[in-house]
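As structure tokens, the structure follows; a few thoughts come after it.
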Amino acid sequence: MKRELPFTNPEPSTGGKPPVSGKSKMWEDQNDAGVDELLAVLGYKVRSSDMAEVAQKLEQLEQAMGNVREDGLSQLASETVHYNPSDLSTWLESMLSEFNPSTTFDDDSSSQILLPSPIGSVVDPIVNPTPQSSVRFSSDPYSDYDLKAIPGKAILTPPSPSTSSALLVNNNNNNNNNSSSCNSMVSNTTSSSSSREAKRLKASNYTAASATATATVSNPSSSKLTANSAVSRPVVVVDSQENGVRLVHTLMACAEAIEQQNMGLAEALLKQIGFLAASQVGSMRKVATYFAEALARRVYKLCPDVPYDGNLSDMLQMHFYETCPYLKFAHFTANQAILEAFSGKKKVHVIDFSMKEGMQWPALMQALALRPEGPPAFRLTGIGPPAPDNSDRLQEVGWKLAQFADSIQIQFEYRGFVANSLTDLESALLDLRPETEVVAVNSVFELHRLLARPGAAEKVMGLMKEVNPVIVTVVEQEANHNGSAFLDRFNESLHYYSTLFDSLESCVDSQDKMMSEVYLGRQICNVVACEGVDRVERHETLAQWRNRFGTAGFAPVHIGSNAFKQASVLLDYFAGGDGYGVEENDGCLMLGWHSRPLITTSAWQLAKNNQNSPTRL
């Protein structure tokens, strides 16, 4: 199966010359010209010697904009083209020259300003003559003049087109609703579709082809805007995709600065991330905000002492269950594997390492009740962490399941075990009955938490062997967030959670969607901000889990094709299945979004006679 690679920055060819550092290679020209390096990274060319002059011009422009009224900017509604101000000093001078200091403005007029803005949208002050239409610079966001160039290749090397599009796919999706209106406005202002035209800022008139708007000043004390044949409707189009690429680069550069213990640079970059994130919409803005918060926590050492509250985590997970198909897919595929392993058995026992609210088991109980040979005696052992309020939540879940079992007439027995960690379990506590019943072990998004403590995963797998199960079902995130290198872990998690947030955009219920984003945001915070035993979200890929289970003496079990077909049907209930996809990988099932696998269900049993080929259910 093909997988998308994490966000990478391939090294450019040196052309046979000795390799040089990213800083000296990428910024050679700027250093020769004395251009401030941090501002150059963000797209502005400002000489270090011009800093004071640029700051003075910004103050003058802010003052002029604060005093100007509606008629004072009539010249900006003409056919003048304002290019992206990469040369900030020259642009400021040109903007100041367009203001006429001798013009007297009407006190009753309102200010409408068309300036290059980081907000990737179309500004129409005629239709929306509100204070939000005008742009005021209260402060210069790029004021950290003393900072050095961003080190390394995270921000200096351009991203590959495929990676940039994968991380920004949601930004494009969220603008689809406005694409038709935007295109109609842009069609009157541009004559080509080149990338350079897309980046140009142009104030033009949204009128018929033959109509031309003119601005005239009829009275020195009262400026009036008139039109020959139609109302002048100035339009500014800003390329927000470029800001999205800058946002990704700045996030990665901040992570690299943290890895190099350059906290001063990381703190400055965090400020830039806030401005760049504000220019985005939809999932890109949300995921960037969560990663920025996680980076800030790491910089200021604010990692929570207790990463998760049991009740809150369970509540958030229930919203996540309703929002998207990931947990439903996990429960369904695991249940299907367990059901096939229990075929023909009269007494069955499931040990659930991830009991939570017990949402997985009513479906399995109903399937067992419908067996042609009749339902078996079903015993369930649920394991979960202690509740913060000392309530017996596991027992309450058991009562609900018992009532459901009575309604479908299936013999049911339940026991709940409270444990701070799965390593606290012992086989003697599980009341095993090997002579009369068969056992299945189930784990959904739990085993990766054991990797925070050395030897914990091996101990729990040893417990599984003592239980002697007919099958072990495991559902885990398909990602590698357990690497020792912080920057690699950050890049992988940025790609992974960007895809997850993108998939949530199809959710209709806004409350479920918001709570699901909080659920994923807490994971992001743990992956990025925490270390040591506090970092429990240590996801690993299927290949890594295969190695672990193989070392522990387990062999893979093929999940049947029936589960694959029914899982595909399940996805039709979520946005018609658009975007989601199920893939089979050597007997395991993967659920992904737009070809990126996100979670994997696998099944295992004890290896017999060192068998190499997987057993089929």
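The values are calculated or read from the model by the stated rules, or taken from the named source; none is laboratory data. In this text, all values refer to a predicted model and were calculated from it rather than measured experimentally. All Cβ positions, even for glycine, are placed from backbone atoms using ideal geometry, and neighbour counts span all protein chains on display. Accessible surface is based on the protein model in full, side chains and every heavy atom, while ligands, DNA and RNA are left aside. Shrake-Rupley method; radii C 1.70, N 1.55, O 1.52, S 1.80 Å.
At a glance:
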item	result
The range 503-512, residues that are in contact (Cβ under 8 Å) with a residue 24 or more places away in the chain, assigned to a helix (DSSP H, G or I) and farther than 16 Å from Leu312 by Cα	Ser503, Leu504
Test: residue in the range 382-399 that is farther than 29 Å from Ala567 by Cβ and either more than 36 Å from the chain's Cα centre (by Cα) or among the aliphatic types (A, V, I, L, M) (or both)	yes
Test: residue in the range 416-432 that is of a type in the set (Asp, Glu) and at positive phi	yes
Condition met for Thr473 (within 21 Å of the chain's Cα centre (by Cα), crowded, with 21+ Cβ neighbours inside 10 Å and β-branched (Val, Ile, Thr))	no
Selection from the range 421-430 of residues that are assigned to a loop (DSSP other than H, G, I, E, B) and either open to solvent by less than 60 Å² (accessible area, probe 1.4 Å) or in contact with a Cys (Cβ under 6 Å, 6 or more places away or on another chain) (or both)	Ser421, Leu425
Lone qualifier among Ser506, Ser516, Ser568 - being in contact with a His (Cβ under 8 Å, 6 or more places away or on another chain) and within 23 Å of His331 (Cβ to Cβ)	Ser516
